[in-house]
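Peer 1: Structure incoming, see below.
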Amino acid sequence: MSEPLIKPKVFFKTFGCRTNIYDTQIMIESLKDFEVTNNELVADIVVVNSCTVTNGADSGVRNYISKQNKDGKKIIFVGCGASTRGSELFEQKKVFGVLGHSEKSNINRALFSKEPFKNIGVLTHLDENIVSNYYDKSKAFIKIQEGCNFSCSYCIIPHARGKSRSQNEDKIIEQVKVLSKNGFSEFVLTGTNIGSYGKDKGTTLGRLLQKLGVINGVKRVRMGSIEPVQIDESFKEILKESWLERHLHIALQHTNEEMLKIMRRRNSVKKDLELFLELSSLGFALGTDFITGHPGESEKIWQDALLNFKKFPLTHLHAFCYSKRDGTLSASMKQTVDGKSAKNRLKELQAVVGENNLAFRQRKVDLEVLVEEKKDGFYTGFDQFYNRIFISSKDDLVKKWVKINDYQAKEDGNYAVF
């Protein structure tokens, strides 16, 4: 009797955004002759799904690669960094192979290669494969589009992922149906710039959402970041649907008109505020992105921005200090804000939103939570407003929906006994 074939073990290290989580799953489901492991120490091959949004993100990826090289791992470099840093790492022999976004479904064949390889691919592709399962997730990620047509001065992503192109609506619906049959009920729509979905196909994100919400088994639909100018009438038509999360993340990036022009943004403070107040009146928790310390952010501009910022009913914040990204327009601008000032400005924003969030959670409303995991003695998950809750229970609640109507709002989240 022949010995069973021992498959080489592959570990996936995913950096960056939800889109990369999806891309990693595409690669995992494309593997036929390799065993995926969650322990990088026993892996024969390490696939690094990279983020390249800032120089800092690049540095983090490079540091990880250096460590894996010291451990003697065979490294395959994929993700956004493949098109911006792949050739450099390959020529320096820091990685064994480089695969661009359009080549990730060929990962199984690539891992068989005995010779170092570099295949950046093209920036016009769309995934043909669909994800049928997420084995270690409670919710499912659905990539609905790829690329971005914006030209924000600080951003390298259009160069890494190409122009915006939308996934076929039928393929998205098919994927949601498959994942729903496999037990998933919460879906997170992701992509490079999901608000642009449908512009190239004569439809809109709002119309897609309408079709996804009626699929059997869909209990909640979440979304990644969208732009203020992308919330059109078709999107507003679904705002009261029970399956739509009551949290929207809308990217402002700044709240001063002059800075928005410097950043080459398409939004305006006045219209943004009107939109946020309208959505807040409907009960939505609202989050945003914000960059402090971008070149040109004078003290006068900052004080105006802070004054405006406090008018926005924000409950969530993804903000960071400006980090120079080589290859962008902003990188050629004179840096006018020192690092300490940028950090202090960031802290001011965080304090404002922290107070807003606590006040928002202190309103007593029923919370619907999909429990994701048990950690440090608590079951944890996010409610419909994208606030974390910590639950004490004798029952096993992992991957179960629970309704919480009695809880205590603390600074780090809500706490309840179930």
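Peer 1: With an 8 Å cut-off on Cα pairs and a minimum separation of 6 or more residues, tell me the relative contact order of the chain in percent.
Peer 2: This gives 10 percent for the chain.
Peer 1: Then there's this: Run through the stretch 118-204 and list the GluC sites (Glu not before Pro) located in a DSSP loop whose Cβ has at most 15 other Cβ atoms within 10 Å.
Peer 2: Loop-located and lightly packed - Glu128.
Peer 1: Hey, another quick one. Of the listed peptides 7-13, 241-247, what is their order by residue-averaged count of other C-beta atoms within 10 Å, with the highest listed first?
Peer 2: 7-13, 241-247
Peer 1: Moving to a separate point now. Nearest 0.05, what FRET efficiency do Lys94 and Leu31 give at R0 = 35 Å with Cβ-Cβ as r?
Peer 2: 0.90
Peer 1: Find how much the distance from Glu237 to Gln408 grows on full extension, using 0.36 nm per residue of separation minus their present alpha carbon separation; answer in nm with one decimal.
Peer 2: Gain on stretching Glu237 to Gln408: 58.2 nm.
Peer 1: Is the C-alpha gyration tensor of the stretch 78-133 telling us rounded, prolate or oblate? Criteria: a/c under 1.5 is rounded; beyond that, a/b larger than b/c is prolate, otherwise oblate.
Peer 2: oblate
Peer 1: Looking at the chain, send over the antiparallel percent of its DSSP beta bridges, to the nearest 5.
Peer 2: The answer is about 30 percent antiparallel.
Peer 1: Separate question: Using unit Cβ charges (K, R positive; D, E negative) and no other charged atoms, how large, in debye to the nearest 20, is the dipole of the stretch 1-86 about its Cα centre?
Peer 2: With only Lys, Arg, Asp and Glu charged at Cβ, the dipole is about 300 debye.
Peer 1: Is the shape of the stretch 16-118 rounded, prolate or oblate, going by the alpha carbon gyration tensor and its root eigenvalues a ≥ b ≥ c, with a/c under 1.5 for rounded and a/b larger than b/c for prolate?
Peer 2: Rounded, because the longest to shortest axis ratio a/c is under 1.5.
Peer 1: Give me the one-decimal nm value for the distance between modelled label points at Asn55 and Asp170, 7 Å along each residue's Cα-to-Cβ direction.
Peer 2: The answer from the label model is 4.8 nm.
Peer 1: Further question on the same structure: Given labels modelled 7 Å from the Cα in the Cβ direction, how far is it in nm from Lys400 to Ser113?
Peer 2: 4.8 nm
Peer 1: Pop out the Kirkwood hydrodynamic radius of the chain from its pairwise C-alpha distances, inverse of mean 1/r, in Å to one decimal.
Peer 2: Computed over the chain, the radius equals 22.9 Å.
Peer 1: Which of Pro116, Pro295, Pro158 moves the most in a Gaussian network model of the chain with Cα springs under 10 Å?
Peer 2: Of Pro116, Pro295, Pro158, the Gaussian network model singles out Pro116 as fluctuating most.
Peer 1: Can you tell me how the stretch 199-320 classifies by the Cα gyration tensor, rounded, prolate or oblate, using a/c under 1.5 as the rounded cut?
Peer 2: In terms of gyration-tensor shape, prolate.
Peer 1: May I pose another question? Please sort 88-101, 326-339, 264-277 by packing, taking for each peptide the average over its residues of neighbouring beta carbons within 10 angstrom, highest first.
Peer 2: Top of the packing list down: 88-101, 264-277, 326-339.
Peer 1: Mean-square fluctuation check for the chain, GNM, Cα pairs under 10 Å: which of Val398, Val78, Val131 is largest?
Peer 2: Val398
Peer 1: Let me ask something else about it. Where the centroid of each part is defined by its Cα atoms, how far is the stretch 271-286 from the stretch 189-245 in Å?
Peer 2: Value for the Cα centre distance between the two parts: 17 Å.
Peer 1: Right, here's the next one. Pull the list of the chain cysteines that no other Cys approaches to under 4.7 Å, Cβ to Cβ.
Peer 2: By the Cβ distance rule, which asks for a partner under 4.7 Å, the isolated cysteines are Cys17, Cys51, Cys80, Cys148, Cys321.
Peer 1: Just subtract the alpha-carbon distance of Lys201 and Lys300 from 0.36 nm times their residue separation and send over the number in nm, one decimal.
Peer 2: 31.3 nm is the gain from fully extending Lys201 to Lys300.
Peer 1: Further question on the same structure: Report, in listed order, any pair from Lys340/Lys375; Lys73/Lys375; Lys13/Lys137; Lys73/Lys118; Lys137/Lys199 with a Cα-Cα distance greater than 25 Å.
Peer 2: Lys340/Lys375; Lys73/Lys375; Lys137/Lys199
Peer 1: Kindly work out what percent of the DSSP beta bridges joining two residues of the stretch 287-418 are antiparallel, to the nearest 5.
Peer 2: DSSP beta bridges in the stretch 287-418 are roughly 60 percent antiparallel.
Peer 1: Obtain the nm distance between the two label points defined at Lys324 and Val417 by a simple spin-label model: each point lies 7 Å from its Cα along the Cα-to-C-beta direction.
Peer 2: 5.6 nm
Peer 1: GNM on the chain, C-alpha springs below 10 Å: top fluctuator among Ile238, Ile130, Ile28?
Peer 2: Ile238
Peer 1: Can I ask one more? Tell me what the chain gives for mean residue ellipticity at 222 nm when only DSSP H runs of n ≥ 4 count, each as -39,500 (n - 2.57), the sum divided by the residue total, rounded to 500 deg cm²/dmol.
Peer 2: Theoretical 222 nm ellipticity from helices: -9000 deg cm²/dmol.
Peer 1: Could you size up the charge dipole of the stretch 140-360 around its Cα centre, putting +1 on the beta carbon of Lys and Arg and -1 on that of Asp and Glu, and report it in debye to the nearest 20?
Peer 2: The dipole magnitude comes to about 400 debye.
Peer 1: Right, something else. Under the rule of at least 5 residues apart or a separate chain, name every residue whose amide H is placed under 5 Å from the amide H of Lys74.
Peer 2: Correct list: Val46.
Peer 1: Rounded to whole Å, give me the distance from the Cα center of the stretch 21-38 to that of the stretch 386-415.
Peer 2: 32 Å
Peer 1: Another one. Please work out the C-alpha center-to-center distance from the stretch 321-354 to the stretch 50-104 and express it in whole Å.
Peer 2: Answer, in whole Å: 26.
Only the coordinates and a few stated rules stand behind these numbers; no lab work does. Please read these numbers as outputs of a predicted model, since none were measured by experiment. Please note: Cβ atoms are built from the backbone with ideal geometry, for glycine as well, and neighbour counts cover all protein chains shown.
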